[in-house]
Amino acid sequence: MRKIALEEHMLLDREDHIDRWRTLVPMIPEQFQQRLIAQLTDTSRRLEVMDQGEIDLAVLSSGAVVQGFLEPRAALRMARETNDHLAEVVRARPDQFAAFATTPLQHPAEGADELQRAVEQLGLAGTMLFGQTDGRYLDDRSFDPLWERAED
């Protein structure tokens with residue numbers, strides 16, 4: 001039986017992505033943040049840990065959640081960068097990695113565009129969504145463009 005690890009967070013080794021992640025984990029002491037950042041940004045190290053745990057496939061997702069950004073342009077830029085990076089990681093090791101796209105939902109139509117690009121052009125497995133964006137839950141009618149595109 002194969003072992004598959006889901007929602008395996010990762011980070012791009014870029015200051016803006018790491019800074020975004022830090023805003024989500026202020027309760028973690030700095031010394032532990034540094035250790036976590038090293039683990040979240042290092043694919044080779046992740047492969048070693050997977051081997052130790054006898055994990056056959058890890059489904060990666062972004063730890064720098066873009067849904068919480070209030071500024072839609074920054075959220076879209078970071079989502080595109082993250083999805084491009086995830087696709088590179090998966091292409092390099094498709095036997096050991098798959099990935100969920102990160103989808104900016106501040107503007108649901110643009111989020112739908114990015115989800116479609118991530119799945120159809122980059123080959124990602126789907127998306128990881130969180131419960132709300134800007135105080136709107138996923139059943140809010142403003143998200144209909146996303147659900148319509150996902151259904152297609």
- Go through (1) under 20 Å from A74 (Cα atoms); (2) open to solvent by 50 Å² or more (accessible area, probe 1.4 Å); (3) among the β-branched types (V, I, T) one by one and return the number of the condition T102 breaks. (2)
- Query: Among the residues of the range 19-34, which ones are under 17 Å from V65 (Cα atoms), in a helix (DSSP H, G or I) and either charged (D, E, K, R) or open to solvent by less than 80 Å² (accessible area, probe 1.4 Å) (or both)?
  - Reply: D19, R20, W21, R22, L24, Q33
- Note on the structure: Result of the Cβ filter at 8 Å on the range 127-148, keeping first residues that are of a type in the set (V, I, T) and partners that are loosely packed, with under 13 Cβ neighbours inside 10 Å and at pLDDT below 95, at least 6 apart or interchain, is none
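Where residues in the range 89-137 are among the charged types (D, E, K, R) and at pLDDT 95 or above, which of them is nearest to the chain's Cα centre (by Cα)?
E114
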- Could you grab the pairs with beta carbons closer than 8 Å, sequence gap of 6+ or different chains, first residue in the range 69-80 and in contact (Cβ under 8 Å) with a residue 40 or more places away in the chain, second one part of a loop (DSSP other than H, G, I, E, B) and surrounded by fewer than 16 Cβ atoms within 10 Å (Cβ to Cβ)? L70/D134
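Return yes or no: is A79 within 19 Å of L11 (Cβ to Cβ) and either open to solvent by 50 Å² or more (accessible area, probe 1.4 Å) or in a helix (DSSP H, G or I) (or both)? Before you say what the answer is, go through the steps one by one.
Numbers: within 19 Å of L11 (Cβ to Cβ): yes; either open to solvent by 50 Å² or more (accessible area, probe 1.4 Å) or in a helix (DSSP H, G or I) (or both): yes.
Against the criterion (within 19 Å of L11 (Cβ to Cβ) and either open to solvent by 50 Å² or more (accessible area, probe 1.4 Å) or in a helix (DSSP H, G or I) (or both)), A79 qualifies.
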- What residue, of E48, E54, is assigned to a loop (DSSP other than H, G, I, E, B) and either open to solvent by 80 Å² or more (accessible area, probe 1.4 Å) or touching a Gly at 6+ places or on another chain (Cβ under 6 Å) (or both)? E54
- Query: For the range 113-134, how many residues are farther than 14 Å from V66 by Cα and either outside any helix (DSSP H, G or I) or open to solvent by less than 20 Å² (accessible area, probe 1.4 Å) (or both)?
  - Reply: 6
- Subset of the range 1-18 that is exposed (fewer than 15 other Cβ atoms within 10 Å of the Cβ) and touching a residue at least 60 places away in the same chain (Cβ under 8 Å) - its residue that is nearest to the chain's Cα centre (by Cα): E7
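The values are calculated or read from the model by the stated rules, or taken from the named source; none is laboratory data. Quick caveat, the model's predicted, so the values are computed rather than measured. Here Cβ is always computed from backbone atoms with ideal geometry, including for glycine, and neighbour counts include all displayed protein chains. SASA here: full protein model, heavy atoms, side chains in, ligands and nucleic acids out. Shrake-Rupley method; radii C 1.70, N 1.55, O 1.52, S 1.80 Å.
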